[in-house]
Amino acid sequence: QLDEDFQNLSGQNIINAEMPNVTSRTTTSGLKVLWAEGDQIGVIRTASETQPNSYVDNPFTLSTGKGTQSATFKAASSQGIANVLAYYPYRSGTTYNGKLTMDISAEQDYEAGNQMVMVGMFEGGSNSVAFKNAMSLAVITVKNIPVGYTKAVLAASGNEYLAGTATMTWDDSNPNLLISNNQASNTLTINFGDNTDTEKRFYFAIPAGTYANGLTMTLEGEGYEPLRVGVLKDDTENNLYTPEVNEFVDHTITLNDEVSAVQMIGSAQELKSALEAGEGGNFKLSQSITLDGSLNVSDDTTIDLNGQNLNAGSNTITVGEGKSLTLTNNSASGVARSATTSGISGSGDIIIASKGSTITIGEGVDLITTGAKSCCVWIPSGAENVTLNTAGNLKATSAGAAVIYHNGLLDSGTINITGGSVEHETDVAVYIAGKANVTVSGNARITGTTAMEVRAGKLTVNGGKFEATASPSDYTPNGNGTTSVGVALAMVKHSTTENDLEVVINDGEFAGVKSLLVNKDLGEVSVTVNGGTFSEPTALNYLGNNANVKVVLNDNYI
């Protein structure tokens, strides 16, 4: 029984405390848990000589020994009666009745140090105590923390609790800590405030035990999407993390330099402010938004549409000179997509390019315009050296302009259609009037009254399907605008420029009343067909060496 060692220690208010050594799984040396300024220990003492089984709890504050493992703690006043045990850190409301019951906070400030719970027994009337850890300590160093995040969160899954009301018992002076499910938390949070340092070292005190699926660490910030940093596991085969009492685990995680905070956007004003702040960044829609004005992308920007709808109305999104806009749609599994779009819809031009800008439309992103003479992506006169990459689904419903329109006065540009679809219900889907390097590949599908008309530059087709919906086919010479209808791929030199036109078809499917139209009335056209499937035999007039071409007639051919 503990009360065998009770002695009257009236007048004592100094205690010498020694921090325990820790056992590390790693070869890293030099990391130690040391006493810090402001540390307090709690001392459980008998209430009186006549009540040896009744106890009081008094705080002792660090007096000397800051930054060391051995320190002196001092109480505000002299304490009487016998010491029973000491514990760290001091928590008001801690009780003892043969076992220690205390609250372990689920949240702490970065400068507060670790929340390791320790307990130490006094021997006889000694005022010295050597502590023993009741938990494991995970030290996680994170490098390249993006600006915007202000807290680190460690989370367990299911009913594995990291904080709450803890009960501590001991066997042969070895502490065992258990957190009950009473107001328990399966997360630990360290608040580090405005992030001015890109490298932080976080001390997480973890109850010993078995954690299925490990412990997941994320960085969080108000208005930002949580950034998953990594998962603590020591048994990857069984997907477990099993920290032990008095164990010290050191981890260093270096984030990719290109990782940035993902700011959540929930209103038109938030989106406008984010895009026009001149700082760029990564943004994610938290809900569907209706724009109340046009937007200007003033720095490199990524927007995750997140399965939401951005209703542009008649407003446009202009990508600034030399800047980039990347659209993704990383909606969570099971998020229902709108019947019309889970992207950007409007009644005018959706995206307008500027000189040197880069526009990337990711897989699963929908752009749809319903207005007359409106494009999903418009590359106007003066917008030289624009790069457009698209694997999304682009659609226009009213005549007057192509879904993708590259102006005839342009001398440069790059357009890569790598997947998804480009569809026009009543007009040409893709119109390349100016000089550009255009590539179509993968499973891209291009559909329109004429699927694509190209009038300058170079087109390379490595895959995809071109489908013309109009019948019959027709051609009208035109020096300023489209010339064809009912053609899967029309190749017509532009009469108002001196740009060359070269087309190389290596693969792909070309379907329509007219699969290919090559018209040299307005200038020479270089066409080489190395492969592909065609709905009529025009391609046979332009075969390259060792060509492998299939013609599948859709109708009688004359």
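The values are calculated or read from the model by the stated rules, or taken from the named source; none is laboratory data. Because the structure is a prediction, the values reported are computed rather than measured. Here the Cβ is made from the backbone with ideal geometry for all residues, glycine too, and neighbour counts use every protein chain on show. Areas reflect the complete protein model, heavy atoms only, side chains present, ligands, DNA and RNA absent. Shrake-Rupley method; radii C 1.70, N 1.55, O 1.52, S 1.80 Å.
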query: Can you give me the relative contact order of the chain as a percent, contacts being Cα pairs under 8 Å and 6 or more apart?
result: 7
message: Under a crude label model (7 Å from the Cα following the beta-carbon direction), how far is SER286 from GLU524 in nanometres?
response: 6.1
task: Set the Förster distance to 41 Å, then compute FRET efficiency between GLU111 and ASN330 from the Cβ-Cβ distance, nearest 0.05.
output: 0.70
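Taking the square root of 5 times each eigenvalue of the Cα gyration tensor, what semi-axes in Å does the equivalent ellipsoid of the chain have, largest first?
Details: eigenvalues 1065, 92, 69 Å².
Each semi-axis is the square root of five times an eigenvalue, giving 73, 21, 19 Å.
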statement: Rounded to the nearest 5, the percent of antiparallel DSSP beta bridges in the chain equals 40
- prompt: What FRET efficiency, computed as 1/(1 + (r/R0)^6) with R0 = 51 Å and r the Cβ-Cβ distance, is obtained for ASN191 and GLU49, rounded to the nearest 0.05?
  reply: 0.70
task: Quickly rank 239-248, 350-359, 177-186 as a protection proxy: mean count of other C-beta atoms within 10 Å, highest first.
output: 350-359, 239-248, 177-186
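Compute the Kirkwood hydrodynamic radius of the range 82-163, taking the inverse of the mean of 1/r over all pairs of distinct Cα atoms, and give it in Å to one decimal.
15.7
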query: What ranking do 221-227, 364-370 get when scored by the average of other Cβ atoms within 10 Å per residue, highest first?
result: 364-370, 221-227
query: Which of the peptides 154-167, 78-91 is most tightly packed, and how do the rest follow, going by the mean number of other Cβ atoms within 10 Å of each residue?
result: 78-91, 154-167
query: Over the C-alpha atoms of the range 52-108, what are the Rg and the largest Cα-to-Cα span, Dmax, in Å?
result: 13.0, 36
Alpha-carbon centroid distance for the pair the range 73-107 / the range 150-169, whole angstrom: 21
Point-to-point label distance, SER471-ARG201, nm (Cα→Cβ direction, 7 Å offset): 7.5
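Would you mind getting me the FRET efficiency between LEU240 and SER24? Use the beta-carbon distance for r and R0 = 25 Å, nearest 0.05. Before the final figure, lay out each step's value.
Details: r = 19 Å, r/R0 = 0.77.
Once rounded, the FRET efficiency stands at 0.85.
What does the C-alpha gyration tensor say about the overall shape of the range 109-260? Classify as rounded when a/c is under 1.5, otherwise prolate if a/b is larger than b/c, or oblate. Before the final figure, lay out the partial values.
On the way: a/c = 2.12, a/b = 1.68, b/c = 1.26.
Because a/c hits 1.5 or more and a/b exceeds b/c, the range 109-260 counts as prolate.
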- request: Place +1 on the Cβ of every Lys and Arg and -1 on the Cβ of every Asp and Glu in the chain, take the dipole about the Cα centre, and give the residue among ILE44, LEU543, LEU177 whose Cα lies farthest towards its positive end.
  value: LEU543
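How much net charge surrounds GLY164 when only other residues with a Cβ under 14 Å from its Cβ are counted (Lys, Arg +1; Asp, Glu -1)? Each step should come with its number before you reach the end.
Working: positive: ARG91; negative: ASP103, GLU107, GLU160.
With Lys, Arg at +1 and Asp, Glu at -1, the neighbours total -2.
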query: Tell me, what % of the accessible area of the chain is carbon and sulfur with a 1.4 angstrom probe?
result: 42
SER77-LEU409 pseudo-label distance in nm [points 7 Å out on the Cα-to-Cβ vector]: 8.9
- prompt: What shape does the range 238-381 take by its C-alpha gyration tensor, where a ≥ b ≥ c are the square roots of the eigenvalues and a/c under 1.5 counts as rounded, a/b above b/c as prolate, and the rest as oblate?
  reply: prolate
